[in-house]
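The values are calculated or read from the model by the stated rules, or taken from the named source; none is laboratory data. In this text the structure is predicted, and so the values were computed from the model without any measurement. Glycine gets a Cβ as well: all are built from the backbone with ideal geometry, and neighbour counts include every protein chain shown.
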Amino acid sequence: MPTRAARLPSELPPSPHSPPPLQLRPIAALAAATAAAALTIAHHRPAFLAAQKRTADEATALEKKLLAGERKKRRKLEAAGIDYEFGGYEAAVAQREKKRKRAASA
């Protein structure tokens, strides 16, 4: 009985269910594409920027933005007649300030 020679995967015809072959791109092109894509997506911060520490000014601005959004949400709930209480960012800020005052007085 004749034996059949094993064929390499590259010699096999492509299956209709197989994924397309990987296309490798240079790293510089990938970084540029990632940065460009990050600019087009709303509220998206690339991982390499998100991992960086924020300055005090950036943290304060972000806190103000979050508090304003939360106040707006509370007003909408109140206008809709929904009685819903949640701590949210205001409670977190108040608790942090309370800890700071306690640490400063000690």
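General remarks:
- Within region 94-106, residues that are surrounded by 10 or more Cβ atoms within 10 Å (Cβ to Cβ) have Cβ atoms under 8 Å from residues that are not in a helix (DSSP H, G or I) in no pair, counting only partners at least 6 apart in sequence or on another chain.
- Residues of region 51-85 classified as surrounded by 10 or more Cβ atoms within 10 Å (Cβ to Cβ), modelled with pLDDT of 90 or more and of a type in the set (G, A, S), total: 3
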